[in-house]
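> I have a structure here, written as structure tokens, and I will follow up with some questions on it.
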Amino acid sequence: MMLRVGKSESIDQTKFDTYFRRILESGVVTNHGQLVRELETKICEFVGVKHCVVVCNATVAIQVVAIVLGLRGKRVIVPSFTFPATAHALAWIGAEPLFVDVDLSTHNIDARSIESSDLNDASAIVAVNLWGRPCDIVALDELSNAAGIPVIYDSAHAFGVAVDGRRIGTFGRAEVFSFHATKFFSTGEGGAIVTDDDALAESCRQVINFGAGVSGGDLVGTNAKMNEISAAFGLTMFDEIERMRDRNRFIYQVFKGALRMITGVEVIEMDAPGVEQTYHYMLIEVDGVIRDDLVRWLSDDGVACKRYFCPPCSELPPYASTARACSNSVSLSKRLVSLPMGAQMDSRAIDHVCGSIERFMKL
């Protein structure tokens with residue numbers, strides 16, 4: 001029997017029940033139980049990193065890393081085109097997001113848009129590997145080294161992705177994953193901090209456990225621990241990673257072939273040289289004049305589609321009055337549509353989605 005995790009994935013209930021029985025037998029439901037430790041070990045081995053600290057969600061993961069790196073009260077460079085949690089997590093701990101624009105072709109932070117004055121003002125860069133497509137890591141490393149500030153990667157979309165044989169999770173000072181129910185790899189709700197920095201990992205472990213063991217400094221602890229039941233979901237899903245990747249790749253290729261036959265629709269390319277993708281996202285661009293009408297049309301036709309990210313972070317009320325204009329982010333926010341992916345998609349469902357888009361484009 002398969003147990004539903006989120007909208008897109010299912011896991012083997014028999015395997016999950018085995019882990020759940022271990023929880024009951026141990027009597028440990030939270031507080032760094034055995035399954036949490038096993039999940040951290042598996043993630044380290046899979047990613048190829050020294051340390052993994054699993055937490056209750058990725059938003060808190062960003063906050064914990066920012067606190068440990070002393071970013072409270074500091075300015076942090078962030079792409080405007082990202083989920084609001086990236087910026088909100090920083091603002092919540094008293095850091096100030098300094099928004100920069102993204103590249104129109106990659107949708108990731110554009111290193112060329114980061115000015116020397118930004119680097120002088122900022123204490124860190126938070127770069128987002130959007131849709132699982134890797135940032136320009138080389139360019140960001142050069143900026144980081146020149147300015148003497150760390151790069152933190154928000155890799156909420158990128159667990160399982162690799163670049164030239166090296167997994168996302170092994171770059172920058174630290175990376176953060178999301179294991180929300182909508183992600184490629186899920187614990188239902190959860191996240192992780194991964195790093196090769198021994199001191200950073202130890203401080204993160206202390207901060208997520210109310211600051212236990214922290215001596216001196218200004219680190220303030222919180223409760224960010226992952227529970228054993230979420231870890232059981234994650235451990236169960238590990239055996240499904242390659243199957244999910246293969247299925248996603250097939251769905252993406254079928255989608256791409258059909259959508260490219262429709263005039264006025266541009267498919268966002270997920271394949272790139274040297275990149276091993278998870279194909280968890282299926283996005284298209286259309287003319288901004290008709291995008292919202294297309295989303296309404298698809299929704300009325302039973303298609304679970306979304307706009308991303310509309311408006312971009314730099315235009316959200318908490319930031320709009322002081323943020324600079326990010327024209328590429330605004331342009332993308334008016335043209336992108338995310339289409340449904342995952343276990344519920346088969347040839348019939350794909351035909352329905354593409355047929356609905358084609359009918360709309362012919363109106």
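> If you scan segment 102-155, which residues turn out to be open to solvent by less than 20 Å² (accessible area, probe 1.4 Å), touching a residue at least 40 places away in the same chain (Cβ under 8 Å) and assigned to a loop (DSSP other than H, G, I, E, B)?
Result: His107, single match.
> Also, I was wondering about something else. If a residue must be surrounded by 19 or more Cβ atoms within 10 Å (Cβ to Cβ), out of contact with any strand residue (DSSP E or B) (no Cβ under 7 Å at 6 or more places or on another chain) and outside any helix (DSSP H, G or I), how many such residues does segment 198-229 contain?
1
> Under the condition of being small (Gly, Ala, Ser) and assigned to a helix (DSSP H, G or I), which residue from segment 249-305 is nearest to Gln344 (Cα to Cα)?
Ser299
> Can you tell me which residue within segment 230-266, out of those that are of a type in the set (A, V, I, L, M, F, W, C) and under 19 Å from the mean Cα position of the chain (by Cα), is surrounded by the most Cβ atoms within 10 Å (Cβ to Cβ)?
Among those that are of a type in the set (A, V, I, L, M, F, W, C) and under 19 Å from the mean Cα position of the chain (by Cα), it is Ala231.
> Another one. Among the residues of segment 310-324, write down those that are crowded, with 21+ Cβ neighbours inside 10 Å and either out of contact with any strand residue (DSSP E or B) (no Cβ under 7 Å at 6 or more places or on another chain) or closer than 12 Å to Phe255 by Cβ (or both).
Residue satisfying the conditions is Pro312 alone.
> For segment 81-92, enumerate the residues that are free of Cβ contacts under 8 Å to residues at least 40 places away in the same chain and open to solvent by less than 20 Å² (accessible area, probe 1.4 Å).
Ala89, Leu90
> Also, quick follow-up: Which of (1) hydrophobic (A, V, I, L, M, F, W, C); (2) in contact with a strand residue (DSSP E or B) (Cβ under 9 Å, 6 or more places away or on another chain); (3) within 25 Å of Met270 (Cβ to Cβ); (4) without any contact (Cβ under 8 Å) to a residue 40 or more places away in the chain does Leu98 not meet, given it meets every other one?
Of everything listed in (1) hydrophobic (A, V, I, L, M, F, W, C); (2) in contact with a strand residue (DSSP E or B) (Cβ under 9 Å, 6 or more places away or on another chain); (3) within 25 Å of Met270 (Cβ to Cβ); (4) without any contact (Cβ under 8 Å) to a residue 40 or more places away in the chain, Leu98 misses just condition (3).
> Considering only residues that are among the basic types (Lys, Arg) and not in a loop (DSSP other than H, G, I, E, B), look in segment 156-193 and name the one that is surrounded by the most Cβ atoms within 10 Å (Cβ to Cβ).
The extreme case among them is Arg167.
> Then there's this: Can you name the residue in segment 325-363 that is surrounded by fewer than 15 Cβ atoms within 10 Å (Cβ to Cβ) and among the basic types (Lys, Arg) and is also nearest to the chain's Cα centre (by Cα) among such residues?
Arg348
> Mind listing whichever residues of segment 318-354 are out of contact with any helix residue (DSSP H, G or I) (no Cβ under 6 Å at 6 or more places or on another chain), farther than 23 Å from Ser299 by Cβ and assigned to a loop (DSSP other than H, G, I, E, B)?
Scanning segment 318-354 gives Pro318, Tyr319, Ala320, Ser321, Thr322, Arg324, Ala325.
> Would you please name the residue that is surrounded by the fewest Cβ atoms within 10 Å (Cβ to Cβ), looking only at residues in segment 276-293 that are out of contact with any Asp or Glu (no Cβ under 7 Å at 6 or more places or on another chain) and closer than 17 Å to Met244 by Cβ?
Only one residue tops the list, namely Glu276.
Every residue, every condition in (1) modelled with pLDDT under 95; (2) part of a loop (DSSP other than H, G, I, E, B); (3) closer than 23 Å to Asp218 by Cα; (4) touching a His at 6+ places or on another chain (Cβ under 8 Å), yes or no:
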residue: Val53; (1), (2), (3), (4): no, no, yes, no
residue: Ala61; (1), (2), (3), (4): no, no, yes, no
residue: Val64; (1), (2), (3), (4): no, no, yes, no
residue: Val78; (1), (2), (3), (4): no, no, no, no
residue: Phe81; (1), (2), (3), (4): no, yes, no, yes
residue: Ala87; (1), (2), (3), (4): no, no, yes, no
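The values are calculated or read from the model by the stated rules, or taken from the named source; none is laboratory data. As the structure is a computational prediction, the values presented were derived from the model and not from experiment. Methodologically, a virtual Cβ is constructed for each residue, glycine included, from the backbone with ideal geometry; neighbour enumeration extends over all protein chains shown. Remember, those area values only see protein heavy atoms, side chains included, never the ligands or the DNA or RNA. Shrake-Rupley method; radii C 1.70, N 1.55, O 1.52, S 1.80 Å.
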